[in-house]
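Report on one structure; see the data block that follows.
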Amino acid sequence: MECEKYCPLLSEYQEEELDKKLSGEIENHLVHCKKCKQELNALRKISSLAGELPRYAPKTETMLKIKSIIYGQTKTWKKTEFGPVLDIEELSEFLRVDQETIGLYLEEIPCFELGGKVLFRRESIEEWIAGKEKGLGSQITESRLNRILHMQDMEGGKIWKI
């Protein structure tokens, strides 16, 4: 009869989550009950083995999907004192890329976390895009300039070098 009372509490007993009085009752019971003692030893072994398992961090894409599900889907921008704020789904629509692509650039994209949710200021995103465009523009300009300067002068047969 005591086993029915104490066996369901063995996990909490092992984790030291019970008050002293109840823990004392279980300890007294364990002295005389081989079945509950075996059950407690099995719980301890499971806990020990589980503690040895490697811990893996989920992929960014997985976290984005989870956060999207948790926080639901919002189609309208949230107006704040510092401009419209986008969540991950709204940013995906704004940039016209999938959320996995955003996840690849998440460390680079200006964002902040509020209430466990990753948010993006539209103005900051537009500035980030402008910076990317400027960087790409200078790469293209430099490439064109190199082509022009290194090509053979058609009239004089000269090669321009810098």
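The values are calculated or read from the model by the stated rules, or taken from the named source; none is laboratory data. Treat the numbers as computed from the prediction; the structure is a model and nothing was measured. Because the Cβ atoms are built from the backbone with ideal geometry, glycine has one as well, and the counts that use them run over all protein chains shown.
Table: residues versus (1) surrounded by 13 or more Cβ atoms within 10 Å (Cβ to Cβ); (2) free of Cβ contacts under 8 Å to residues at least 24 places away in the same chain.
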{"site": "Y13", "(1), (2)": "yes, no"}
{"site": "S23", "(1), (2)": "yes, yes"}
{"site": "A50", "(1), (2)": "no, yes"}
{"site": "L53", "(1), (2)": "no, yes"}
{"site": "A57", "(1), (2)": "no, yes"}
If a residue has to be of a type in the set (D, E, K, R) and under 30 Å from L104 (Cα atoms) to count, how many in the stretch 1-60 make the cut? 2
Can you tell which of V118, V97 is modelled with pLDDT of 60 or more and surrounded by 16 or more Cβ atoms within 10 Å (Cβ to Cβ)? V118
